[in-house]
Structure formats: structure tokens, C-alpha cells
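Step one of this worksheet: look at the structure below.
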Amino acid sequence: MTSTPEEREEAAEEGIVLHDAYAFTSINDDGTGKVGSMTIHKIAKFYFDENHRAVTELVEGGELTLPADYVIFGVGQKPEDTMGFDLELTHGPYVVADANHATSAEGIFAAGDVVTGTKSVIGAIAEGREAASAIDRYLGGDGDISAELLDPEPVEKELGKAPAEFYTPAIQPEMAPAEERKGNFAQYECPFTEDEAKCEASRCLQCDLRLTITKPRLWNEY
């Protein structure tokens, strides 16, 4: 689970306790056939092996048992419905693809988490581009997918004077009180008004200007 400090603070206001870097190990009976508690274990190390299988190493003596009435699983992700695609699969629902992202079916390519399991977004994007290049070659192209589909917009190099609100503190969205938002899934974060959105958008630092910066010439290079 990845969360921001703000999300953690909001969760704490609602009475939620987060146990970082713990693995679930068991659900324990209360003696009547119902859930009485659950046991989690502190993780020492987590990684994927060469076969893309998750490996979890636990801290010796790191067990923690928590009382519980209900246990709801909401962790991990995996592809759905791949069993019906008539493709070669591995480790359950994951699609087998070669180095060119070709699957066992002619003309079908796959990339990203559906092949490797959960990885980084950057890695998935890179594999998607590789797959697109492979598809282009399959269709008779040269695999070059670097063409620009839109005309580039000219960069305004004149920064000008920053508006007064540029230096004011950022506007924070209004939220419903913790007592109102806990126990339901209703929207609790109020969106910006049009004026607030314009104010925040005016903070643009024009980061694209860095693409126009060239190395300055020294006095003896003129």
C-alpha cells in the first residue's frame, strides 16, 4: 500500500490504524466458528525472483495478533478473464510473451503487468512502446513509432511578472469532517471552485523552458 502523509493523517482522524510492512499470515477462530482475530507478521524483505514470483522474508518473532470481527482482503492485483483468451498462460492468469512481446496466438501481443505481474508504471510504459514497435514491424512497418502526431506548440520564452497569487500559500481542498466521512464511501473532498482552480493553475513554472536552454558561450568563443 502506498499513501501520502495527508492520506495517513485523514485515515488517523477516522480511527484507522495502519501497520506498515506486515504480511497477513492467518485468520483465527473465536471458538464459535466466527472470526476472532487475525495474525500479521513483520516483513524483513520483499522482492520478485527470476520467475517473477513474489518472495517475502519475515522478521523472526515479528508476529502481531489483532482482534477482528471481519476480515476484508483488498491487497494485490492480477489480470482477469485471461483464461478465455486462448493464450498460453503462466503462474495462473499471466500471459506468456517472448522478447518481442508476441504471445502464443498469431498477431496478439502483450506487455506490462499482464505479463510480468505488478511492476512500476515506467516499466509498463516502456514495455508498451516496445510492443507497439513490434506490432508495427508485424504489420510491415520498420518499427519506428517516434513520429509526432501533433504539431509542437511554440514555447513562450518571456516569463513576465508572476501574478500576486503565485506566492500565496497553496489552496487546500475543503473536506467533510471525519465523523461524517467515516463509515461510507461518499465523496468527502470538495472540488475547487473555478476561481480557485485558475489561481492554482497560475502557479505554472513553465518547466518546458528547460528544453530551450543552450550552453552559454564563453568570452573567447564569440
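The values are calculated or read from the model by the stated rules, or taken from the named source; none is laboratory data. Worth saying up front: this structure is predicted, and the values here are computed from it rather than measured. With ideal geometry, Cβ positions are generated from the backbone for all residues, glycine too; neighbour counts draw on all protein chains shown.
Out of the residues in region 76-99 that are in contact with a strand residue (DSSP E or B) (Cβ under 8 Å, 6 or more places away or on another chain) and not in a helix (DSSP H, G or I), which is farthest from G31 (Cα to Cα)? By that ranking, first place goes to A97. Being of a type outside the set (F, W, Y), modelled with pLDDT of 90 or more, surrounded by 11 or more Cβ atoms within 10 Å (Cβ to Cβ) and in a helix (DSSP H, G or I), is that true of even one residue in region 136-145? Yes, region 136-145 contains at least one residue that is of a type outside the set (F, W, Y), modelled with pLDDT of 90 or more, surrounded by 11 or more Cβ atoms within 10 Å (Cβ to Cβ) and in a helix (DSSP H, G or I).
Applying a threshold of 7 Å to beta carbon distances and a minimum spacing of six or more residues, or different chains, the list of pairs starting in region 180-192 at a residue that is in the same structural domain as S202 (by TED's automatic domain parsing) and ending at one that is among the hydroxyl-bearing types (S, T, Y) reads R181/Y188.
Any residue that is at pLDDT below 90 and either in the same structural domain as V114 (by TED's automatic domain parsing) or in a loop (DSSP other than H, G, I, E, B) (or both) - is there at least one of those in region 60-73? Scanning region 60-73, I find at least one residue that is at pLDDT below 90 and either in the same structural domain as V114 (by TED's automatic domain parsing) or in a loop (DSSP other than H, G, I, E, B) (or both), so the answer is yes.
M38 meets each of the listed conditions (1) at pLDDT 90 or above; (2) not in a strand (DSSP E or B) apart from (2).
Of the candidates V17, V55, the single residue that is over 27 Å from A178 (Cα atoms), hydrophobic (A, V, I, L, M, F, W, C) and either assigned by TED's automatic domain parsing to the domain that holds S120 or loosely packed, with under 12 Cβ neighbours inside 10 Å (or both) is V55. Of these, N184, N220, which one is more than 24 Å from K157 (Cβ to Cβ), assigned to a helix (DSSP H, G or I) and not aliphatic (A, V, I, L, M)? Going through N184, N220 in turn, the sole match is N220. If you scan region 190-205, which residues turn out to be exposed (fewer than 12 other Cβ atoms within 10 Å of the Cβ) and in a loop (DSSP other than H, G, I, E, B)? Within region 190-205, C190, P191, T193, C204, L205 qualify. Considering K198, K215, K161, K182, which residue is at pLDDT 85 or above and more than 30 Å from G15 (Cβ to Cβ)? Every option except K198 fails the conditions.
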